[in-house]
Amino acid sequence: MAVPRTTSAGRQQASWENWSGTVQGVPERLEIVDGEDEVCEIVRDRGKRAHGIGVAGSGHSYAGLVSPAGRILLDLQRHKGIVSIDRVRMTVIVKAGTSLRALNRELAAEGLALPNQSAIDEQTVAGAVATATHGSGPGMGTLSSHLRSVRLVTANGTVRTVTDDEPEFDAVRVHLGCLGVVTALTFDVVPAHTLRKTIVRMPLKMVLGGLDELRTARYGGFWWYPHTSQAVVWRADPTGEAATPVIPTPRGLPLAFTNNRFPPVAARLVHSLSALSEGRPQSRVLPCDAALLSSLPPRLQALEYGIPVARAAEAITELADTVTRHGLRINAPVDVRFTGADSAWLSPSYQRDTCYLGVTCALPADRPSNTWSRPFAVIDDLLARHEGRPHWAKVHFREPADLAARYPRWHDFLELRRRWDPDGVFLGDLLRATFQ
Ligand SMILES: Cc1cc2nc3c(=O)[nH]c(=O)nc-3n(C[C@H](O)[C@H](O)[C@H](O)COP(=O)(O)OP(=O)(O)OC[C@H]3O[C@@H](n4cnc5c(N)ncnc54)[C@H](O)[C@@H]3O)c2cc1C
């Protein structure tokens, strides 16, 4: 998100930082664009190309994928809204800067919905698919698997629409912003419906013994409360029942407790109480998007890996032992979710049913902190040993050669990227280090 700032010379300049405040920088120029023609002009402009061109979505990636410093930074959040709906094919074309929240709202007004949701809906549609953002549906892939076409301005300044019958589509589905500036996307939609969502607290061991059963849910997952043996399990399945009215309850205090920065002994006590309160048995019927969304947490740093489902129980047991044995300050509930296999070359769910383990560390509101780095390094190593593939939008410690070994189509992606953008116009520092 753009943040106005005054330079030492008293000039007003836009700086940019991500949601967690861990990635910051002052672009050469921030271009707020609303229209594909404007994007084409910028990409063709030699002077601007020389600085490199980056695109920011809503800035919800923890990793430094948006590399603002010294570049021309495009913000497409005004380039928003539904372009058209095809009720025969059941698809929607939406402009790239539309937030998932706005899309959910506009679709609901048409009696439609996206097939799946991530935990929050603040991201732009283009930013979400760029990093293989996922929800939890054991029978479906990441949000990118619901794409039918992607329209983008490529490095030569021309517009190209790539559709799902083209061989290159599986490269474009998850592109990390390095193949061009996406201007519109076509997603599958489904009729709006309700889901019955149930929540129950269980010992972690029992949950791990019943993973096959949990994976029969249309949507489902669980949170393990670190420093305790407790987990809170949720599942959501379609129902013909009408949604029950929900009385909004303030979430600030429970969220602050579950995302605390206490030492392990205090964290155990607080988490035991949180698991009791969050895991009291509930069963409600909710609109399909609301059933899958969570409250926005306080500022935090995040690491997440996708591992093969077959290794999930073993990896989570080892993770729980490691957090306890090393007294790691991992205090927020560990979010465990599932996807089916998908076909995007750079999706962590590529060709395998996947269990995602999301680990977070609360950050102090007012100052930089890297208290997360030691516990994350230990957990990164553990999950990598379980054939893990890191979530692109989150923190990880893998070198490019190591990443390459985890993705069968890695070199095909590299070759395509070089062909489409030989000058590396769209490569910021992190992407250059990874893909060049
Ligand atoms: C509180 C929180 C909850 C989250 N929950 C989930 C979750 O449930 N599941 C999950 O998988 N992830 C989750 N994420 C991660 C989030 O979905 C990703 O970081 C996502 O990529 C953010 O989208 P964005 O619009 O903010 O994009 P940004 O973070 O701004 O950008 C992400 C990438 O997309 C590129 N990009 C953006 N727009 C364009 C465009 N128009 N053209 C080309 N490239 C573009 C950027 O250059 C960058 O490489 C969560 C993050 C937060 C902070």
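Some observations on this one:
- Taking Glu122, Glu278, Glu213 as the candidate residues, the one with maximal mean-square fluctuation in a Gaussian network model of the chain, Cα springs under 10 Å, is Glu213.
- Cut-off 14 Å between beta-carbons: net charge of the residues surrounding Glu31, Lys and Arg +1, Asp and Glu -1: -2
- Straight-line cross-link partners of Lys394 among the lysines, defined as a Cα under 26 Å from its Cα and at least 8 positions apart when in the same chain: Lys80, Lys95.
- Dividing the summed -39500 (n - 2.57) terms of all DSSP H runs of n ≥ 4 by the residue count of the chain sets its mean residue ellipticity at 222 nm at -7500 deg cm²/dmol.
- A crude spin-label estimate for the pair Met90 and Thr216, with each label 7 Å from Cα along the Cβ direction, gives 2.4 nm.
- Distance-filtered residues of the stretch 178-204 - backbone nitrogen under 20 Å, label point 7 angstrom along Arg432 Cα→Cβ: 178-181
- Translational diffusion of the stretch 82-191 was estimated from the Stokes-Einstein equation, with Rh taken as the Kirkwood radius over Cα pairs; at 4 °C and 1.567 mPa s the coefficient is 93 µm²/s.
- Taking Cβ atoms as reference points and 12 Å as the exclusive limit, the residues near Asn156 contribute a net charge of +2, counting Lys and Arg as +1 and Asp and Glu as -1.
- Candidates Gly127, Gly47, Gly97, ranked by Gaussian network fluctuation over the chain, Cα under 10 Å, top entry: Gly47
- Two-decimal ratio, the chain, of alpha-carbon radius of gyration to 2.2 N^0.38 Å: 0.96
- Set the Cα radius of gyration of the stretch 352-400 against 2.2 N^0.38 Å, with N its number of residues, and you get 1.27.
- Highest-first packing order for the peptide set 146-154, 175-183, 79-87 is 175-183, 146-154, 79-87, based on the mean count of other beta carbon atoms within 10 Å.
- Sequentially through the stretch 229-244, phi angles give Karplus couplings (6.51, -1.76, 1.60; θ = phi - 60°) of 9, 9, 9, 10, 9, 10, 9, 9, 10, x, 8, x, 6, 6, 5, 8 Hz, Gly and Pro residues having no value and appearing as x.
- Here the Karplus curve 6.51 cos²θ - 1.76 cosθ + 1.60, taken at θ = phi - 60°, turns the phi angles of the stretch 325-335 into couplings of 4, 8, x, 6, 7, 9, 10, 7, x, 7, 8 Hz, with x standing for Gly and Pro.
- Peptides 310-317, 230-237 ranked from most to least packed by the mean count of surrounding Cβ atoms within 10 Å: 230-237, 310-317.
- Ordering of 381-390, 290-299 by burial proxy (mean other Cβ atoms within 10 Å per residue, highest first): 381-390, 290-299
- Taking the Cα centre of the stretch 82-191 as reference, the dipole from Cβ charges on Lys and Arg (+1) and Asp and Glu (-1) amounts to some 200 debye.
Quick note: the coordinates plus some simple rules give every number you see, no bench work behind them. Since this is a predicted model, take the numbers as computed values, not measurements. All Cβ positions, even for glycine, are placed from backbone atoms using ideal geometry, and neighbour counts span all protein chains on display.
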